[in-house]
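What follows is a single structure, written as structure tokens, with notes after it.
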Amino acid sequence: MKKKILAVDDSPSIRKLVEFSLKSVGFLVDTAQNGQEALEFLAKEHFDAVILDINMPKMDGFEFLKRFRPQAAFVDIPVIMLTTEGQEEDKERALALGANHYIVKPFKPTELIAVMKNLFK
């Protein structure tokens, strides 16, 4: 069964790049523009992982993690941060809030693919 990924980023070009890259290796991908939209998607359907930006309108990645992680239905869903925020304190905060991996933009699609494949070994 193919793994279904939700890519959450306010940048249309990043959403397209993530979607194209992951679909090219067999993942199913849906996208959301911000944390609020992502939570709405997750309330309606199951995803096997979330790729999440930090800086977004309406609800940023940190707020998303605060609302997402405490919910029992989502506790085992891995979250991969994909963000321009490369500061150590941002990484530590995201991991403390429940992120599983942290990738700083600009990124290589091959790096993201490797992380995703490794998650589902």
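Readers should treat all values here as calculations from the given coordinates under stated rules, not as data from a laboratory. Because the structure is predicted, anything quoted here is derived from the model rather than measured. Here the Cβ positions follow ideal geometry from the backbone for every residue, glycine too, while neighbour counts run over all protein chains shown.
Overview of results
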{"item": "Net charge over other residues, Cβ less than 13 angstrom from the Cβ of Ala94 (K, R count +1; D, E count -1)", "result": "-4"}
{"item": "Tensor-based shape of the chain (alpha-carbon gyration tensor, a/c under 1.5 rounded, otherwise prolate or oblate)", "result": "rounded"}
{"item": "Under 12 Å from Lys58, Cα to Cα: aspartates and glutamates that are on another chain or at least 8 residues apart", "result": "Asp9, Asp10, Glu37"}
{"item": "The stretch 80-121 versus the stretch 6-64: alpha-carbon centroid distance in Å", "result": "13"}
{"item": "Computed E for Met1/Val104 - FRET, C-beta separation, R0 22 angstrom, nearest 0.05", "result": "0.10"}
{"item": "Net length gained if the chain between Ser11 and Lys58 were fully extended (0.36 nm per residue, minus Cα distance)", "result": "15.5 nm"}
{"item": "Rounded to the nearest 20 debye, dipole of the chain from Cβ charges on Lys, Arg, Asp, Glu", "result": "480"}
{"item": "DSSP-assigned coil residues among GluC sites (Glu not before Pro) in the stretch 1-66, each with at most 14 further Cβ atoms within 10 Å", "result": "Glu45"}
{"item": "Of Lys23/Lys108; Lys23/Lys117; Lys66/Lys121; Lys16/Lys91; Lys2/Lys121; Lys2/Lys105, those spanning more than 20 Å from alpha-carbon to alpha-carbon", "result": "Lys66/Lys121; Lys16/Lys91; Lys2/Lys105"}
{"item": "Computed [θ] at 222 nm, helices only, for the chain once each DSSP H run of length n ≥ 4 contributes -39500 (n - 2.57)", "result": "-12000 deg cm²/dmol"}
